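Notes follow the structure.
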Amino acid sequence: MDKNSATGLFLISALLLVYLFFFSPKKTDEKAAGKTPPATTAAAKAPAVLTTALAPEATLDTTAGPAQDLHLTNANLDVTLSTRGGRISAVRLLKYKTFFGKPMDLFDANSARMDTKFRTLDGKTVQFSDLNFQAVPSQAAGGGSMLTFTAPVAGGSIVQTYTLPANSFEVKYDLRLNGLDRTVAQEPLTFSFIDEVRQTEQDLKQNRNHTTINHYLAAGDQGALAEASEKPEEIKASGPVKWAAHKHDFFVAGLIADQQPFAGGAFNSNVNLADSSTIKTLSTTLTIPVAEVEQGRGQYRFFFGPNSFNLLKAVTPEFDRNVYLGWGLFRWVNRFVVLPVFHFLEQYISSYGIIILLLVVLIKLVTWPLTYKTYESQARMKVLKPEIDELKAKYGDDQTKVQQETMKLYSTFGVSPLSGCVPTLLTLPILFAMFQFFPNAIELRQQTFLWAKDLSSYDVFVKLPFYVKWYGDHVSMFTLLMTASTLLMTWQSNQTNTAMQGPMKTYSYLMPIIFLFVLNSFAAGLTWYYFVSNVITFAQQALTRALVDDTKIRAQLDANKIKNKDKKPGGLQGRIAEAMKAAQEREAQAKRKS
């Protein structure tokens, strides 16, 4: 590793640290946050009072009685609806469990509340939660089940219809106001959803930092609350809203407008670090044009399901944005490269640890030309070391002259000092893409490998009886292996690179130690990926050294010297040389004046 490569490594490491602390979700201090699994919810314990096993078209009259619970169920969902308000009160995902082995309740009557209200012409507010609805279960056309809720209001009625198709994560929702056109004020209805999100994953901090509200405007713009802020966050939609979604790390509760968009929306999140039972409170308010529900066009869809990219992209345009894959180029790499490779390999391999290993092999093969170019550049610089040492001895402490003559030497021999850094920089999109892919990929959720219980979260090889600031209360073995292999690679490089001296040599050992602390609580899939990457890099370096012949390189450089004997530096090297020359002249002029 020569000085230029070390400088490149420094810049890459600095970029990586900036990315971690400013662009990726910020970690928060959880001294008061609980480390115990959340208690089983009341909805999970309570038996169903009434199900849709009633005879078709049977009517449950609850206008004068207590509220009753009914269920719409298919292979994916168990949706609980209450006759009080005719609303969804709980949702259980039947094919998933929490990290603690409990039923995967997306929310329940104790943790969430949906409601709708409107105003009448005489100024009164009609709130659905104040009404008991009559419920009529029936079979939906094409399969699935349906519940229709009706409540009489001011000479008319409110009708809400929920339809759960078979094998779906969506609940179709139809809202109508019948015979109320002379009663209802001509202003939007207000739908609200308050959601006290519970811990479902091992890492409470990651669970919280990946929980947010996303929304998408009819105009095509996306908005989202800041994920990791400990302060209250609130935004208002800048126009009509096509969909809004509460994202719970690996799961989504969303509402989509099928015909006319919502007239507007407001979104809020709040964190109470002292309350370990709730990791974040989300609140969404959407306004529904009154004309739509009066004319029978109030058609919407709820989505309750996993945060899976392929599943979400089929729901509605841009709904797959709920899967955070990074921004810009990094999202492109994850979407069009990493995910397709993952989905292809998982058809044939059941172990995701092995899939990650194969992913590393494929990436290393694709980027090998860049790796080879970097090593070849290092070999050229190594061969030129005697000439560079002569320049240093000749000009002594005149660093400007040394640098100017060094650039001239590079031009003469046809060597670019940046050629070793540029190939490494070209691999940065893959590096940053992986930082976002592994913690957000539901494909890795609860996938075990070796001692890791969940590749989407950190692995716990040893649980510490105390908390270490900036490190945590556990030892991640994959992070240790990654760090040890990186230190070994650094040591091996420094043994063969006599140009690496002083602070730069010390820095080369410091960065792996820093990342030992930074990555101890990152996804095990990520640190396993980097450990395997280091091991394969060892093999690549051994093979590359066998292919790169220093004697042939020296002969090529000598041929370049003859060819470029009278050639002036051009391009970037020429501009750098001119800048150095101008600096030297200014320095000489300043000395003459003094």
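The values are calculated or read from the model by the stated rules, or taken from the named source; none is laboratory data. Predicted model, so just to flag it, every value in this text is computed and none were measured. FYI the Cβ positions are ideal-geometry reconstructions off the backbone, even for glycines, and counts take in every protein chain you see.
Matching residues to (1) under 15 Å from the mean Cα position of the chain (by Cα); (2) more than 30 Å from residue 376 (Cβ to Cβ); (3) at pLDDT 85 or above:
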| site | (1), (2), (3) |
| --- | --- |
| 421 | no, no, no |
| 426 | no, no, no |
| 433 | yes, no, yes |
| 455 | yes, yes, yes |
| 460 | no, yes, yes |
| 469 | no, yes, yes |
| 482 | no, no, yes |
| 485 | no, no, yes |
Matching option when the condition is closer than 30 Å to residue 273 by Cβ, of a type in the set (Asp, Glu) and assigned to a strand (DSSP E or B), among 196, 201: 196
Of the residues that sit in the range 295-345 and are charged (D, E, K, R) and part of a loop (DSSP other than H, G, I, E, B), which one is modelled with the lowest pLDDT? 297
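Output the number of residues of the range 256-309 satisfying the condition of being of a type outside the set (Val, Ile, Thr) and under 21 Å from the mean Cα position of the chain (by Cα).
Here is the first cut: in the range 256-309, the residues of a type outside the set (Val, Ile, Thr) are 257-270, 272-277, 280, 282-283, 286, 289, 291-292, 294-309.
From the residues that got through so far, the ones that are under 21 Å from the mean Cα position of the chain (by Cα) too are 267-270, 280, 282, 303-309.
Selection size over the range 256-309: 13.
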Tell me which of these residue 184 doesn't satisfy, since it passes every other one: (1) within 19 Å of residue 254 (Cα to Cα); (2) among the β-branched types (Val, Ile, Thr); (3) surrounded by 19 or more Cβ atoms within 10 Å (Cβ to Cβ). (1)
Would you be able to tell me the number of residues in the range 207-241 that are surrounded by fewer than 24 Cβ atoms within 10 Å (Cβ to Cβ) and among the basic types (Lys, Arg)? 2
Inside the range 356-376, the number of residues satisfying the requirement of being without any contact (Cβ under 8 Å) to a residue 60 or more places away in the chain and farther than 15 Å from residue 543 by Cα is 3
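Could you list all residues from the range 279-288 that are surrounded by 21 or more Cβ atoms within 10 Å (Cβ to Cβ) and within 16 Å of residue 241 (Cβ to Cβ)? Even if it seems obvious, please write down each step before you answer.
Initially, the range 279-288 is screened for residues surrounded by 21 or more Cβ atoms within 10 Å (Cβ to Cβ), giving 279-280, 282, 284, 286, 288.
Listed by number, the residues that qualify are 282, 284, 286, 288.
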Within the range 76-97, is there a residue that is loosely packed, with under 15 Cβ neighbours inside 10 Å, in the same structural domain as residue 175 (by TED's automatic domain parsing) and assigned to a loop (DSSP other than H, G, I, E, B)? no
Find all pairs meeting these conditions: Cβ atoms under 8 angstrom apart; at least six residues apart or on different chains; first residue within the range 402-414 and without any contact (Cβ under 8 Å) to a residue 40 or more places away in the chain; second residue of a type in the set (Asp, Glu). 409/387
If the Cβ limit is 7 Å and pairs must be 6+ apart or interchain, which residue in the range 70-81 that is without any contact (Cβ under 8 Å) to a residue 40 or more places away in the chain pairs with which residue that is hydrophobic (A, V, I, L, M, F, W, C) and in a strand (DSSP E or B)? 71/79; 78/94; 80/90
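Does any residue of the range 182-192 turn out to be part of a strand (DSSP E or B) and under 24 Å from residue 317 (Cβ atoms)?
Narrowing the range 182-192 to residues part of a strand (DSSP E or B): 184, 189-192.
When the remaining residues are screened for being under 24 Å from residue 317 (Cβ atoms), the result is 191.
Looking through the range 182-192, at least one residue is part of a strand (DSSP E or B) and under 24 Å from residue 317 (Cβ atoms).
Take the residues in the range 225-282 that are acidic (Asp, Glu) and part of a loop (DSSP other than H, G, I, E, B), then tell me which one is farthest from residue 456 (Cα to Cα). Even if it seems obvious, please write down each step before you answer.
Within the range 225-282, the first condition is being acidic (Asp, Glu), and the residues that meet it are 227, 230, 233-234, 249, 258, 275.
Retained after the next criterion (residues that are part of a loop (DSSP other than H, G, I, E, B)): 227, 230, 249, 258, 275.
Numbers: 227: 18, 230: 23, 249: 11, 258: 33, 275: 25 Å.
Here the residue is 258.
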Of all residues in the range 98-122, which are part of a strand (DSSP E or B) and either under 26 Å from residue 294 (Cβ atoms) or not assigned by TED's automatic domain parsing to the domain that holds residue 172 (or both)? 113, 114, 115, 116, 117, 118, 119, 120
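Among the residues of the range 125-158, write down those that are out of contact with any Asp or Glu (no Cβ under 7 Å at 6 or more places or on another chain), within 28 Å of residue 93 (Cβ to Cβ) and surrounded by 19 or more Cβ atoms within 10 Å (Cβ to Cβ).
Restricting attention to the range 125-158, the residues satisfying the condition of being out of contact with any Asp or Glu (no Cβ under 7 Å at 6 or more places or on another chain) are 125-126, 130-133, 135, 137, 139-158.
Still in the running and within 28 Å of residue 93 (Cβ to Cβ): 133, 135, 137, 139-149.
Across the range 125-158, the qualifying residues are 133, 135, 137, 145, 146, 147, 148, 149.
Listed here are the residues, each with its yes/no results for (1) surrounded by 13 or more Cβ atoms within 10 Å (Cβ to Cβ); (2) farther than 23 Å from residue 535 by Cβ.
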{"residue": "312", "(1), (2)": "yes, yes"}
{"residue": "319", "(1), (2)": "yes, yes"}
{"residue": "324", "(1), (2)": "yes, yes"}
{"residue": "332", "(1), (2)": "yes, yes"}
{"residue": "336", "(1), (2)": "no, yes"}
{"residue": "346", "(1), (2)": "yes, no"}
{"residue": "358", "(1), (2)": "yes, no"}
{"residue": "364", "(1), (2)": "yes, no"}
{"residue": "370", "(1), (2)": "yes, no"}
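Could you check, for the range 373-380, whether at least one of its residues is hydrophobic (A, V, I, L, M, F, W, C), at pLDDT below 75 and in a helix (DSSP H, G or I)?
Within the range 373-380 (the criterion being hydrophobic (A, V, I, L, M, F, W, C), at pLDDT below 75 and in a helix (DSSP H, G or I)), the answer is yes, since at least one residue qualifies.
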